[in-house]
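The next block holds one structure in the form of structure tokens; read it before the comments.
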Amino acid sequence: MFQKVLIANRGEIARRIIRTCKRLGIQTVAIYSKADETSLHVREADESYCVGEPPVNQSYLNIDAILAAAKESGAEAIHPGYGLLSENAGFAKRVEQEGLVFIGPTSEVIEAMGSKLEARKRMASAGVPIIEGVNEAMASATEAAEVAAKIGYPVMLKASAGGGGIGMQVVHDEAELLKAFEGNQKRAESFFGDGTMFVEKFIAEPHHIEVQVLADQHGHTIPVFERECSVQRRNQKVVEEATSPFISAETREKMLDAAVAAASSIGYTNAGTIEFLVDANEQFYFLEMNTRLQVEHPVTEEISGLDLVEWQLKIASGEELTIERSQLTIHGHAIEVRIYAEDPVRFFPSPGTITKLVLPQGSGIRHEAGVEEGSVVTPFYDPMIAKLITTGTTRDEAVTRMQQALADYVVEGIKTNIPMLRDVVAHPEFQAGRTTTKFVEQYYLPEVAKK
């Protein structure tokens, strides 16, 4: 096992990783920008290094400064957390070249899965269901229109690189596609440096369900159940739960099998997630692979009893998985909500100072936060400031606990999406487990418009 690990991240995920490292007796090294000098993750680490000015490209994306901090501190490995550099193949390769351990898959695997087109090809070869479409880049809007005509409208126009819904748009006819192609291509080029576009069939009102996998360096891969992540705004997840209340036990097993086949086929190692779109008939299709720890990993930990960060560290240090798939059982139900510093209606960020913070307490409540009372939420970083997780022996109990926890949650000084979260978990469709990716659009926004 490692003696010292540098955490190339900030906020709640840096604190989460520090917590497991401390339990395992591993020294931790934090990095921070000048805006985060007094942050909780900096205070909790054994040592810390400033890596630049507040703008993310001058600090948390500053690969040279991060590697210099790792070398100076004597860290043996780097944990990237999620977001930022976690799925940057170039960063992983630099870490490898410097003789350090990247706590995640190899740079080659990250690069392959970072391209949606390459991922589609590899999944098709592995026998994993993929959405009808093309596995080649579209050179022009005209070429995309020819493909769309064969598939049949509506189709999804997608950028091959990146994520977060950037470069992605549903188009309903040729005129709309011709108009949308260039704009989305330019956005993808601007955000990801890659304007490669492709087209696939649009699945109306799907469920977004993902499977957590763990894979060691000795050929063992296991699935750790699934998560329902369908409540989203602007293609960003807001509420996640484990397991999915939508799929049957039979479909679950098929999805777990497909996830193992997907990860094994590419030689995946460490923790990763295979994401699927699932239609009304429980037919599932590969969406993408996240080659890192997910924001929503706590719900999987709560129902499985595993510490996923601990297993990331063990696998990266060369240890074998000692868990068999048959040994894993589902314990109750868990729900996570993401708390953002943002306007709950328009979803615009709301930076400022947190003047009051009262956290919910009680049985079955877990809280992961990167802030405290007095923290300044800056405009430089992702507006997610905390995650609230509730568990119960049943889904109904987990939902009830979440409702009470959100009622008790107090944040003053900034706007948050807590009012939205309260409305979501109280909605009959959510309580019945019938959420699709259109939930916010169909049920939340219309109600807000009435107020």
For this session: Determine the share of the chain's accessible area contributed by carbon and sulfur atoms, expressed in whole percent, with a 1.4 angstrom probe.
Result: 48
For this session: Write down the accessible area per residue of the stretch 118-217 in Å², having rolled a 1.4 Å probe over the full set of protein chains.
Result: 43
Exercise. Going highest first, how would you order 373-385, 341-353, 289-301 by mean Cβ packing within 10 Å?
Worked result: 289-301, 373-385, 341-353
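Would you work out the charge dipole size for the stretch 191-234 about its Cα centre, treating the Cβ of every Lys and Arg as +1 and the Cβ of every Asp and Glu as -1, and quote it to the nearest 20 debye? Each step should come with its number before you reach the end.
Details: 4 positive and 7 negative charges, 37 e Å.
Charge dipole of the stretch 191-234: 180 debye, to the nearest 20.
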Problem set entry | Spin-label model distance (nm) - residue 22 vs residue 265, 7 Å beyond Cα toward Cβ | 4.3
For this session: Using amide H atoms built 1.01 Å from N in the peptide plane, name the residues 5+ places from residue 161, or on other chains, whose amide H lies under 5 Å from its own.
Result: 116, 196
For this session: Work out the charge dipole of the chain with +1 on the Cβ of Lys and Arg and -1 on the Cβ of Asp and Glu about the Cα centre, then indicate which of 323, 365, 420 is farthest towards its positive end.
Result: 420
Exercise. Where the centroid of each part is defined by its Cα atoms, how far is the stretch 293-332 from the stretch 69-101 in Å?
Worked result: 22
For this session: Mind checking which of 277, 261, 248 is farthest towards the positive end of the stretch 217-321's charge dipole, using Cβ charges of +1 (Lys, Arg) and -1 (Asp, Glu) about the Cα centre?
Result: 277
Problem set entry | Rounded to the nearest 20 debye, dipole of the chain from Cβ charges on Lys, Arg, Asp, Glu | 620
Exercise. Once you list every other residue whose beta carbon is under 12 Å from the beta carbon of residue 273, what net charge do they have if Lys and Arg are +1 and Asp and Glu are -1?
Worked result: -4
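If you stretched the chain out fully between residue 366 and residue 283, how much longer would it get, using 0.36 nm times the residue separation minus the C-alpha to C-alpha distance?
On the way: separation 83, 0.36 × 83 = 29.88 nm, distance 3.31 nm.
Full-extension gain reported as 26.6 nm.
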For this session: For residue 170, put the label point 7 Å out on the Cα→Cβ axis and report which residues of the stretch 137-157 keep their amide N under 18 Å from it.
Result: 148-149, 151-157
For this session: Step through the residues of the stretch 208-224 one at a time and calculate ³J(HN,Hα) from phi using the Karplus curve (6.51 cos²θ - 1.76 cosθ + 1.60, θ = phi - 60°), rounding each to whole Hz and writing x for Gly and Pro.
Result: 9, 10, 10, 10, 7, 10, 10, 9, 9, 8, 10, x, 9, 10, 10, x, 10
For this session: Could you work out the local net charge near residue 380, counting Lys and Arg as +1, Asp and Glu as -1, over the other residues with Cβ closer than 11 Å to its Cβ?
Result: -1
Exercise. What is the chain by shape, rounded, prolate or oblate, if you read a ≥ b ≥ c off the alpha carbon gyration tensor as root eigenvalues and call it rounded for a/c under 1.5, prolate for a/b larger than b/c, and oblate otherwise?
Worked result: rounded
For this session: Tell me which residues come under 5 Å, amide H to amide H, from residue 343 once H is placed; ignore anything under 5 positions away on its chain.
Result: 348, 350
Seminar exercise, completed: For the stretch 31-43, in residue order, the Karplus 3J(HN,Hα) values (coefficients 6.51, -1.76, 1.60; θ = phi - 60°; whole Hz; Gly and Pro = x) are 10, 7, 8, 4, 6, 10, 4, 9, 5, 4, 5, 5, 5
Seminar exercise, completed: Any residue on another chain or 5+ positions along whose placed amide H is under 5 Å from the amide H of residue 132 is listed here as 201
Problem set entry | Environment charge of residue 140, counting only residues whose C-beta is closer than 12 Å and scoring Lys/Arg +1, Asp/Glu -1 | -3
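If you place +1 on the Cβ of every Lys and Arg and -1 on the Cβ of every Asp and Glu, how big does the dipole about the Cα centre of the stretch 157-300 come out, in debye to the nearest 20? Provide the component values of the computation, followed by the final result.
Details: 12 positive and 22 negative charges, 88 e Å.
It comes to approximately 420 debye.
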Exercise. Of 183, 140, 162, whose Cα points farthest to the positive end of the dipole of the stretch 93-186 (charges on the beta-carbon: +1 Lys, Arg; -1 Asp, Glu; origin at the Cα centre)?
Worked result: 162
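The values are calculated or read from the model by the stated rules, or taken from the named source; none is laboratory data. Given the structure is predicted, the values throughout are model-derived calculations rather than measurements. Methodologically, a virtual Cβ is constructed for each residue, glycine included, from the backbone with ideal geometry; neighbour enumeration extends over all protein chains shown. We work out accessible area using only protein heavy atoms, side chains counted, and drop any ligands, DNA or RNA first. Shrake-Rupley method; radii C 1.70, N 1.55, O 1.52, S 1.80 Å.
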